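Written out below as structure tokens is the structure these notes cover.
Derivation of every value follows stated rules applied to the coordinates shown; laboratory data play no part. These numbers were taken from a predicted model, which means no experiment stands behind them. Note that each Cβ is placed from the backbone with ideal geometry, even for glycine, and that neighbours are counted across all protein chains shown.
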Amino acid sequence: MDGLSIRICHLYPDLLNTYGDKGNVTALLKRCQWRNIEAEVVPVSLGDAFDPDQYDIVCIGGGQERERATVCQDMIDKADSIKASLAQGKVWLCISSGMQIMGKYYVNSQGEKIQGLGAVDFWTEASKNKIQGDVVAECNLVGGVEDQDTYVVGFESHSGRTYLGEGVEPLAKVLVGQGNNGTDGTEGAVVGNIFCSYLHGSLLPKNYRLTDLLISRALVGKYGQEVADQAMANTPDFAVEELARKGCISRVLH
Amino acid sequence: MRYLLALWICKFTTWVLRTLHRGGTALPGKLALKVCPDILTSLAKDFDVYVVSGTNGKTTTALLMSAVLDGQGIPYISNRSGSNLERGIVACFAEGVTVMGKPKGPTHAVIECDEAAFAKVADKLNPKVLVVTNFFKDQLDRYGEVTHTLELVKTGASKAKEAIFVLNGDDQLCASIGADLPNKAIYYGMDNSTAKVKDGGNSEVEAGYCIKCQSKLEYAFTSYGHLGKFHCPACGYARPELQVEMDSYKLSIDSAEFAYAIGESRHNCTIKVSGLYNVYNAMGAIGFGEALGFDRDQVSASLESSNPGFGRMETVRIGNKAVRTVLVKNPMGYNQVINYLLEVKQPLRICFALNDNIADGVDISWLWDVNFENLEKLGDDLKGMYTCGMRGADVAVRLKYAGLEVEYQETPKSVAEVMNQILEQMEDGETLLVLPSYTAMFEVRSFLQDKIKMKEFWN
């Protein structure tokens, strides 16, 4: 739809990019552009200013242990503007380490408690064993016609175990895989427009409905429900995305 | 006694598998290790062992090192079929010794060693030379982070007390092995005076931060990925002085020409594989020749006469159509192949064959770190793109989001079926570039074998 624009901020793309996190940003960008929504990706990293009014969607990805520590320090400097963005209801996609930072705290392998941003009520504890593998999880936020349309697929690889506070909704319920902690069947967390997940890298390209949900939320926030509905009414082609998603579901579920 | 028993079991199972024409190299070594976990120490003790490790280019480098030995008339054994885990190395040595465990003939061994395996086998092999190629993101799901992979190799290197190190000086991770350990080290890399600053994109920044103090590194130039003349403004860690220094290169479709200096002596060399990454591999082999004190002109000449490794880049002709196969297993491998295609400009079709078995890496999210967007620059030279393999549809999604047209399989088809279809579509004189992941490479190879009855690779 003409006249609409979405600005996407990719936070720390040079540090938190372990698992193809660029894919999430690319998926958002392309699916906006295919709807004739003007879209742009702006990288913001260490020492850069983060202006909360500038960005409709913010993506933060997964990283290695030592880079996460560097990022945590920098985020404290940006805390006010980040909190402003969250308070304004901007759409956030936080993957893996990016997710852990959004929680209340993280207990590392030395038993040290590292403060998070506290944007969402969950906490994370390090564990010796790494959770890894393909995941199929049911996400009721993404609608569809057929049964398995609500299934999201992804790949998890994390040693932290995350526990959701009371009343915090997971992003999805795990059907195959370990999810947040391997015990309670939850995967990720969602509060308002903050989407957190351990399904890293190419979560959005693998799940076009989730991509469209994020774009829709951003449009609602910026232009209101009616304009958003109009812009989203025309869905760009998704045949190959669905082929890949269904291929993954059938290989993992059976 | 236990050692000999294990050796015999290994030899016997190898014989049985070969008689049955089964191409597996894993089982014999695996059984031998069960019977005698320390068998490798006994097997390797009468050999001068030369090891190559690192994330990319091991096989090609091992092949070029072998060529250097060929040039000197030195016979050697080598695990060239590509099995580079401990069991594969055991099988290789077991084949090189008599039933009594003494070398049959050659007393030198060129061993390609997986990074994690090297941490475990370094003291058993006690190498005379250790060549380390580079550290790029590779199969993250297997070994964790790239710094962890570096630690594994460093652990191995610290046990290789007698080894001369030959290290890629342009890779800050690789060079840190020489900085942290007392061994004599020979560094190779690119000279800054004529180096082109070019890259498949500047997103490969996994080593953009200093390995010693985590500050942002500065580069006088980069050659590709994070390789280049680096220095850390905070702690002073910098690229070491290079002993083998390449100062110009030129790539063509199936060869690479480069000029290099070793101290005062200057050399030119043309290798029969293309790609800047292969020039680096050749420099690793030149450094290897330096470590052993070989005649420099002879080393250069022997590289010129060598041929590329198993599946890495080989061309077969089917009628008037060429099929070129390049094994790719991580984003840097892909980016380098893409750069190579942009440089040589030739009409072609590309077939991606991606599996996600354990040997391929079960996580394919790195597809999003590859700069497929650059393929658009091929313009009309790109006659068609195809995907197949277990994750073929995921590759097709990636290419779609890179703005490229791709033919994908709506119903699952074997690699052979897809390649047959492509060959039918191709016109005479065209080239098909096949980019398989590790296990898909075997499917590609067996398809090509059927087409032209290629020799089994250990004949």
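Tabulated values for the structure
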read-out	value
Nonlocal amide H pairs with B:Leu217, under 5 Å, H built at 1.01 Å	B:Tyr209, B:Cys210
Charge dipole magnitude, Cβ of K and R +1, D and E -1 - chain A, Cα centre, debye nearest 20	460 debye
Bins of 10 Å from zero: percent of alpha-carbon pairs in the stretch B:208-258	22, 42, 23, 12, 1
Highest-fluctuation residue, A:Leu141, A:Leu15, A:Leu204 considered, GNM on chain A with Cα pairs under 10 Å	A:Leu141
Value of [θ]222 nm, deg cm²/dmol, for chain B, DSSP H segments ≥ 4, -39500 (n - 2.57) each, nearest 500	-11500 deg cm²/dmol
Rounded D (µm²/s) - chain A, Kirkwood Rh over Cα pairs, Stokes-Einstein at 20 °C, 1.002 mPa s	118 µm²/s
Two-site FRET efficiency, A:Asp77 against B:Glu373, from Cβ-Cβ distance with R₀ of 25 Å, rounded to 0.05	0.15
Helix-derived mean residue ellipticity, 222 nm - over chain A, DSSP H n ≥ 4, -39500 (n - 2.57), to 500	-10000 deg cm²/dmol
Cα-based Rg / Dmax (Å) for the stretch A:54-139	13.7, 40
Residue exposure sequence - A:Thr183, B:Thr133, B:Thr325, B:Thr315 - by fewest surrounding Cβ within 10 Å	A:Thr183, B:Thr315, B:Thr325, B:Thr133
Given charges at Cβ of Lys, Arg, Asp, Glu: the stretch B:93-182 dipole, positive-most of B:Ala117, B:Pro106, B:Val146	B:Pro106
Above-threshold pairs, the threshold being 28 Å between Cα atoms, out of B:Lys137/B:Lys400; B:Lys154/B:Lys216; B:Lys58/B:Lys413; A:Lys113/B:Lys329; A:Lys128/B:Lys11	B:Lys58/B:Lys413; A:Lys113/B:Lys329; A:Lys128/B:Lys11
Long-range HN-HN contacts of A:Gly116 with modeled amide H, under 5 Å	A:Tyr105, A:Tyr106
Cα-based convex hull, the protein assembly as shown, per residue volume (Å³, whole number)	165 Å³
Under-5 Å amide H pairs with B:Glu430, H placed in peptide plane, nonlocal only	B:Ala322
Among A:Val152, A:Val174, A:Val42: highest mean-square fluctuation, GNM of chain A, C-alpha pairs under 10 Å	A:Val42
Loop trypsin sites (Lys or Arg not before Pro), the stretch B:10-116, which have at most 14 other Cβ atoms in a 10 Å radius of their Cβ (DSSP)	B:Arg22, B:Lys45, B:Lys104
Within a Gaussian network of chain A (alpha carbon springs, distance under 10 Å), most fluctuating of A:Ala49, A:Ala69, A:Ala79	A:Ala49
HN-Hα J in Hz across the stretch A:93-105 - Karplus 6.51, -1.76, 1.60, θ = phi - 60°, x for Gly and Pro	10, 10, 10, 6, 4, x, 5, 4, 5, 6, x, 6, 7
Hz values of 3J(HN,Hα) by residue in the stretch A:220-226 - Karplus curve (6.51, -1.76, 1.60), Gly and Pro given as x	4, x, 8, 10, x, 4, 5
Number of partner chain Cβ atoms within 10 Å, mean per residue of A:9-16	2
Averaged over A:131-144, number of beta-carbon atoms from partner chains that fall within 10 Å	1
Semi-axes of the equivalent ellipsoid for the stretch B:41-126, Cα gyration tensor, largest first, Å	19, 17, 10
Debye, to nearest 20: dipole size of the protein assembly as shown, +1 on Lys, Arg Cβ, -1 on Asp, Glu Cβ	2320 debye
Directionally averaged shadow of chain B, computed from the convex hull of its alpha-carbon atoms, nm²	21.0 nm²
Per-residue ³J(HN,Hα) for the stretch B:280-296, Karplus 6.51 cos²θ - 1.76 cosθ + 1.60, θ = phi - 60°, Hz, x for Gly and Pro	4, 4, 5, 5, x, 5, 5, x, 4, x, 4, 4, 8, x, 6, 4, 5
Local electrostatic count at A:Asp134 - Lys and Arg +1, Asp and Glu -1, tallied over other residues with Cβ under 10 Å	-2
Ranked packing of B:232-241, B:393-402, most packed first, by mean Cβ within 10 Å	B:393-402, B:232-241
For chain B, cysteines whose Cβ has no other cysteine Cβ within reach (under 4.7 Å)	B:Cys10, B:Cys36, B:Cys92, B:Cys113, B:Cys174, B:Cys269, B:Cys351, B:Cys388
More than 26 Å apart - percent of Cα-Cα pairs taken over the stretch A:136-250	21 percent
Rg/Rg_globular for the stretch A:1-64, with Rg_globular taken as 2.2 N^0.38 Å and Rg from C-alpha atoms	1.14
Number of partner chain Cβ atoms within 10 Å, mean per residue of B:357-369	6
Mean shadow area of the stretch B:314-452, taken as a quarter of the surface of its Cα convex hull (nm²)	7.5 nm²
